[in-house]
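The values are calculated or read from the model by the stated rules, or taken from the named source; none is laboratory data. Remember, it's a predicted structure, so these values are computed and weren't measured experimentally. As a convention, Cβ positions derive from the backbone with ideal geometry for all residues, glycine included, and neighbour counts pool all protein chains shown.
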Amino acid sequence: MHRGVYVLALSVFALGTTEFMISGLLPGMARDLGVSVSAVGGLIAAFAIGMVVGAPVMAALTLRWPRKATLLGALAVFVLGHVVAGFASDYSTLVVARVVTAVATGAFWAVGGTVVVRLAGPGKRARGLAVFVGGLTVANVLGVPLGTVIGEGGGWRGAFFAVAGAALVAMLGVLALVPRLHTSSGGAQPNLRAELRVFRQPRAWVALGTISLTGAAIFGTFSYLSPFLVGVSGFTEGIVPLLLAVFGVGAVIGLQVAGRFADSHPFASLFLPLAALALVLAALGLFGENKVLAIVAVGLLGFAGFGANPALLGRMFSLAGEAPTLANSMNVSAFNIGNTVGPLVGGAVIDAGLGYPTVPVVGAGIVVLALLAGFGSLLLDRRIGAPEPQQVEHRHSEDTEEEAAVCVS
């Protein structure tokens with residue numbers, strides 16, 4: 001795997017840390033800014049909205065920009081946004097900084113994914129994406145808890161400055177180790193009309209719907225996992241962070257294992273994790289009072305949930321062909337839509353008085369819908385006679401050396 005892929009994963013670690021870090025800083029930020037805890041919690045939603053809108057918009061605006069320069073520019077805005085947020089004296093400034101940072105993050109995700117696919121090379125597209133997205137799961141395992149510790153020891157502003165420092169290190173890594181690439185694999189200037197043409201395919205919208213449903217099921221349950229483990233499974237609050245780390249470790253392993261197979265067996269690498277995810281969520285909801293089963297289920301929730309990601313991400317790249325940038329930006333938006341809607345659905349279930357055990361059961365139902373969407377994609381492929389992914393990759397591999405010479409200057 002090209003070393004630039006790992007540098008981009010490091011960048012995602014910094015970007016992913018900031019997305020959920022605020023959840024551990026809510027009380028201190030609310031006191032310091034003189035606003036309610038729910039208002040500070042709204043910064044998480046503001047970030048998600050910025051990602052949903054910012055990824056496709058910035059992908060379109062920067063379509064003809066050099067890929068490396070776009071990545072560096074997005075990281076520079078990200079660093080500046082966190083410095084401004086760290087010095088913010090009022091809530092309004094923090095909101096603006098948060099949204100701007102989210103837009104920069106969306107731009108990085110959109111362009112970074114296309115660069116990873118180019119650097120990984122034919123036959124290793126999903127594997128490279130698994131490494132790339134792995135930066136986000138490591139952020140959940142290490143970055144978010146570390147940001148909380150920094151916030152408790154040195155104030156929430158220190159956490160924002162620490163993330164800015166991590167992004168600056170990533171920026172230096174991109175500058176040194178990511179090669180300059182042409183905006184398209186063949187060296188030609190990309191065309192927005194060609195990028196939009198991808199979305200004339202029903203298969204593209206089915207793929208995006210599958211991504212959103214999967215994200216909603218995972219994060220709809222994960223958002224209420226802490227009160228579930230305390231109120232249903234009977235764990236003490238002090239042990240919950242370790243259990244959440246089990247989720248993160250499972251997610252990292254699931255990503256890397258699935259990434260090894262998603263290029264050669266894309267649909268199997270989608271259906272098996274989703275089927276396992278539905279079973280795990282149902283078991284957690286029905287038998288979550290058993291502590292041993294709860295621990296196993298938390299780990300498998302991360303393993304199966306994130307194990308589906310390489311196939312989900314790779315699907316849009318396979319449909320986009322030589323116009324992947326806008327398609328990948330919609331991947332980002334679809335995930336964030338799911339990550340936003342899922343907790344809302346879970347909250348509605350709880351507010352309706354159905355209890356915490358019902359949340360993962362509803363999540364299992366959402367995964368069933370994702371499975372049906374995945375089968376719909378398979379049927380659409382067969383209806384139009386789409387070539388097998390292995391055949392497509394084989395055709396591309398014949399030109400690997402020539403393309404590498406064109407792309408890297």
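Quick look at the numbers
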{"item": "The stretch 21-37, residues that are in a helix (DSSP H, G or I) and surrounded by fewer than 19 Cβ atoms within 10 Å (Cβ to Cβ)", "result": "SER23, PRO27, GLY28, ALA30, ARG31, ASP32, LEU33, VAL37"}
{"item": "Single match in GLY34, GLY16, GLY41, GLY28 (criterion: assigned by TED's automatic domain parsing to the domain that holds MET171, at positive phi and of a type outside the set (Phe, Trp, Tyr))", "result": "GLY34"}
{"item": "Residue count, the stretch 166-182 (criterion: within 12 Å of ALA76 (Cα to Cα) and in contact with a strand residue (DSSP E or B) (Cβ under 6 Å, 6 or more places away or on another chain))", "result": "0"}
{"item": "Any chance GLY347 is surrounded by fewer than 24 Cβ atoms within 10 Å (Cβ to Cβ) and outside any helix (DSSP H, G or I)", "result": "no"}
{"item": "Breaking point among (1) crowded, with 24+ Cβ neighbours inside 10 Å; (2) among the small types (Gly, Ala, Ser); (3) farther than 30 Å from ALA120 by Cα, for ALA294", "result": "(1)"}
{"item": "Residue check for PHE47: closer than 29 Å to VAL252 by Cβ and in contact (Cβ under 8 Å) with a residue 60 or more places away in the chain", "result": "no"}
{"item": "Of the criteria (1) hydrophobic (A, V, I, L, M, F, W, C); (2) in contact with a Phe, Trp or Tyr (Cβ under 9 Å, 6 or more places away or on another chain); (3) without any contact (Cβ under 8 Å) to a residue 60 or more places away in the chain, which one VAL103 fails", "result": "(2)"}
{"item": "Qualifying position, being out of contact with any Pro (no Cβ under 9 Å at 6 or more places or on another chain), β-branched (Val, Ile, Thr) and either under 28 Å from SER226 (Cβ atoms) or buried (at least 24 other Cβ atoms within 10 Å of the Cβ) (or both), among VAL83, VAL144, VAL131, VAL103", "result": "VAL144"}
{"item": "Residue list for the stretch 48-97, restricted to those being assigned to a helix (DSSP H, G or I) and of a type in the set (Phe, Trp, Tyr)", "result": "PHE78, PHE87, TYR91"}
